[in-house]
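Down below is the structure, laid out as structure tokens.
The values are calculated or read from the model by the stated rules, or taken from the named source; none is laboratory data. Bear in mind the structure is a predicted one, so any value in this text is a computation, not a measurement. Backbone-built Cβ (ideal geometry, glycine too); neighbour counts: all protein chains shown. For accessibility, only protein heavy atoms count, side chains too; no ligands or nucleic acids. Shrake-Rupley method; radii C 1.70, N 1.55, O 1.52, S 1.80 Å.
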Amino acid sequence: MNPRLRADITQRLDRDFQFKETSGWLRQGTCPDCKKKSLYTHAETPWVIKCERLNKCGAEYHVKELYPELFEKWSERHPVTPENPNAAADAYMAEARGFDLAKIAGWYQQDSYYDPGLKIGSATVRFPLPGGYWERLIDEAHRFGSKKAHFKKGCHYGGTLWMPGNVSVMGKDFWIVEGIFDAIALHHHDIPAGSAMSCNNYPETTLKAIAEQCAAAGVARPRLVWALDGDKAGQGFTRQWVKKSREAGWVATAAQIPQKRRGKLDWNDMHQRGRLEPKDLENYLHHGALLIAATPSEKATLLYRRDIGSSFPFEFGSRLYWFKLDLGKFHEACAAIEAENEELTKDQVREKAMEDAHTVVEISTCYPQALYFQQNVVTDESWYYMRVTFPNDTPAIKNTFTASQIASAGDFKKRLLGIAQGAIFTGTTGMLDALWKRQLQGLSRVETIDFTGYSKEHEAYLLGDIAVAKGRLHTVNEEDYFELGKLSVKSLNTSPLHINAKDSEFSTEWVRHLWNSFGPKGIVALAYWFGSLFSEQIRATAKSYPFLEVVGEPGAGKTTLIEFLWKLFGRLDYEGFDPSKSTMAARARNFAQVGGLPIVLIEGDRSDDMKKGGFDWDELKSYYNGRGVRARGMKTSGNETYEPPFRGSIVISQNAPVDGSEAILSRINHLFFDRSGQTPESRVSAEYLERADVENLSGFIVRATLAEQAVVAKFRELSPACERSLAALDGIRNVRIVKNHAQHMALVTCLADVIPMQDHYISAANDHIVEMARERQLAITADHPYVAEFWEVFEYLEAEGSSTDPDAATVLNHSRDPDVIAINLPHFEQVCTDRKIKTPPILELKRLLKTSRTHKFVDVKTINSRIHDRLNRNADFNSSQSPRRPISVKCWCFEA
Ligand SMILES: [Zn+2]
């Protein structure tokens, strides 16, 4: 092992597993699968990390699965020198593939590949082939998508095998594998092998040549061992080629690697895991024989020989069968056979007797296979995730089964029929138990989240069928979960995002149009939207992430803008939801379904009330700090409630600004849109944004999340400086406003890491944010001039009242409660008219008083009037000028 690589690996192993070193071994690491302290590896050569609970868990990882970042920059880690032009290729073959360079010298060369579409290149390990070559990319090959390896155009390997230089084809067995690295791996264990390059390539020409060579030498042909990959295509062609080669006069069998968990293990993997010993090979041949068994009985016989009991369930041709040995019949048969054939060994006798004494019956018309166990730790719900395959062309079904649905034959039969039309289980509960006993032991676990987006616990973005973690893009595997290093995780939430992750199809043409349509405000909105992706990381250190308010008159383009921003995240034809039209429970569900994504609140019909349909902006306050989405009852555990944190961001889109308490206003970054800047040119750009295809836009979220580490680091570096510069400006005093707008400015700058941004876009957007911060400060401090005037008059008259009659103490305030100011507007108007004091227009006041900050507006309600009570008590009712005053008066009430 290269010393530098070893140091890098050891440092990570210490960090992640807390091993203890004892006599050359690292032990007692925490197993990522079973969470027991049962993980171990070799201290000097820690290539493979294993769980010692072999039967109960059996977890096994190659370090290159755990730390792919150490196994991808070969040119950088091993630059080519004049002495060694193959330096990177050699290092790749030795360290990433586990090969002995002395054994393979001269079989390959280091070369390079450049992708003109992606405009990126990589060094390659190149193997010559007839008419060309095959090469494997070795520098961050994941950047090239599925093109990690490729053939030179015009290369004609069809009908042939690639073979290691000195392979002997005239031995006992000759193995045919898919990949070149597989053949080289077997070669390291003295197994003669050739690579067909692809599972559908039948090597007719090479096989003919081998047959001729054997005939010329007068030796028997080797047995062919078809050892293609363990996926569906590999297995299908294995059956086909075994049959075809047998017809061509070969003795042929198959070998298969049992794919227990995290599929796709190949012969090279087995070589690196030390699993190509004779007993391992025997096991692979057994699994190969099972694959090509011609009848259920033949397969059952093979299984019985492995001593797995006298009755058991097994799969054949995607149906489930039950094997049973009739022991009475078996012993009778043994005795009879022994008596008649004295020359047979005991095993031969048993085998012959078994053939007569067993029965095989079909117990299911399909094959159910448990893939893994998944659990929602928070709600304590759990499921077995199963794949059901069918004998014909019907596509396989994957679905969940609860414990009770697999516990008895009757319940299982019902669930199966419910998810797969015509799938019938006819076995007993005992047979089912036997099936699960075999399938569920050591079954892997997959962690779950119940939302879409960023999970800080897993440090990963789960975005439908793709995931992004630590700068790497992952696609969901065939079993519907993500393999992220040692982590297996899936989202239980159906993602509303449909993302095209092909970077080559992502175009940034829209940036210009966004600017043309909305100017700096467009960039400001984009920066917030982009920042949403990092809101969890931002809250982790800064404790808060602001809300964004997009306000403007109808026709100002709010919907165009927001629907466009959604397309950047892969969501089509969606703007948001109206919180006033949903119940609190429904709102809480909506808020809980995202991580690092925006929740957009839109308004339906404008109503004058601050509290609309039971929705109060104050409900949002705690989300600013990422705290609890309101408690909701859990499915399973009685009185407990589950209050998930808020993991996203909030965008409010309305015609009129949110008017609430200072507490809510200071959490909002306010963006106002009107039609004043619209020109024919901006209209054309707005139409571009409306028409632009989500297929060419959704790459934005992929780029942004891939850049996570750089963006978060830059944000943390920039935001304190932005905070200082904002706080130094006149007129911005509120700490929260400074912090929110500083974060927003930092995000504008970070945007340039992901998309091309002209400098004047950035400076104009930042200037605009400074203006936003100033206006926000005004909004939370100042009352409307009419409201301010109203309170001035009030204070003046109240002062006058208390100076003339200390007992009365009030002229306008009807309230008996010292904490409340209650004013009757007609009364207010009357008093002012009497004293010739000019009042603000009453109609306007009625609209504006609700926004009052000098004294916070509470409600308009009927109260018991202290003023009228006093006047009534002092009045002379015999006089016609003093009518009795009503004791109940409708008042505008404010906090005193
Ligand atoms: Zn384990």
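Summary table
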{"read-out": "Globularity index of the range 476-528, i.e. its alpha-carbon radius of gyration over 2.2 N^0.38 Å", "value": "1.73"}
{"read-out": "Within the chain: Cβ-based charge dipole about Cα centre, in debye rounded to nearest 20 (Lys, Arg +1; Asp, Glu -1)", "value": "780"}
{"read-out": "Globularity ratio of the range 375-424, using Cα Rg and 2.2 N^0.38 Å", "value": "1.26"}
{"read-out": "The range 33-75-the range 728-783 distance, computed between alpha-carbon centres (Å)", "value": "47"}
{"read-out": "Protection proxy ranking of 650-662, 832-844 - average other beta-carbon atoms within 10 Å, highest first", "value": "650-662, 832-844"}
{"read-out": "Taking all pairs of distinct alpha-carbon atoms in the range 217-367, Kirkwood radius in angstrom", "value": "17.5"}
{"read-out": "Alpha-carbon Debye profile of the chain, log10 I(q)/I(0) at 0.05 Å⁻¹", "value": "-0.44"}
{"read-out": "Accessible area of the range 417-534 belonging to carbon and sulfur atoms, whole % at 1.4 Å probe", "value": "47"}
{"read-out": "Semi-axes of the equivalent ellipsoid for the range 674-798, Cα gyration tensor, largest first, Å", "value": "37, 23, 12"}
{"read-out": "Protection-proxy order for peptides 505-516, 443-454, each taking the mean of Cβ atoms within 10 Å per residue, highest first", "value": "443-454, 505-516"}
{"read-out": "Normalised contact order of the chain, rounded percent, pairs of Cα under 8 Å and 6 or more residues apart", "value": "7"}
{"read-out": "Degrees, to the nearest 10: 3-17 long Cα axis against longest axis of the chain", "value": "60"}
{"read-out": "Positive dipole terminus of the chain, leading residue within Val629, Ser517, Thr679 (C-beta point charges)", "value": "Val629"}
{"read-out": "Residue (of Ser404, Trp892, Cys199) at the positive-pole extreme of the chain, dipole from beta-carbon charges", "value": "Ser404"}
{"read-out": "Over the chain: helical MRE at 222 nm, DSSP H runs n ≥ 4 each giving -39500 (n - 2.57), nearest 500", "value": "-11500 deg cm²/dmol"}
{"read-out": "Inter-centroid distance (Cα atoms) of the range 154-192 relative to the range 860-876, Å", "value": "105"}
{"read-out": "Glu563 - accessible surface, heavy atoms, 1.4 Å probe, Å² rounded to 10", "value": "70"}
{"read-out": "Between 0 and 90°, nearest 10: helix 759-781 axis offset from the chain longest Cα axis", "value": "50"}
{"read-out": "For the chain, accessible area per residue (1.4 Å probe, heavy atoms of protein chains only), Å²", "value": "47"}
{"read-out": "Whichever lysines have a C-alpha closer than 30 Å to that of Lys352, once near sequence neighbours (fewer than 8 apart) are set aside", "value": "Lys172, Lys243, Lys244, Lys279, Lys299, Lys324, Lys329, Lys437"}
{"read-out": "Too-long pairs where the Cα-Cα distance tops 27 Å, listed order kept, from Lys414/Lys486; Lys64/Lys103; Lys502/Lys567; Lys64/Lys153", "value": "Lys414/Lys486; Lys64/Lys153"}
{"read-out": "Principal-axis tilt of helix 735-751 within the chain, Cα atoms, nearest 10 degrees", "value": "40"}
{"read-out": "Alpha-carbon Rg/Rh ratio, for the range 89-159, with Rh computed the Kirkwood way", "value": "0.98"}
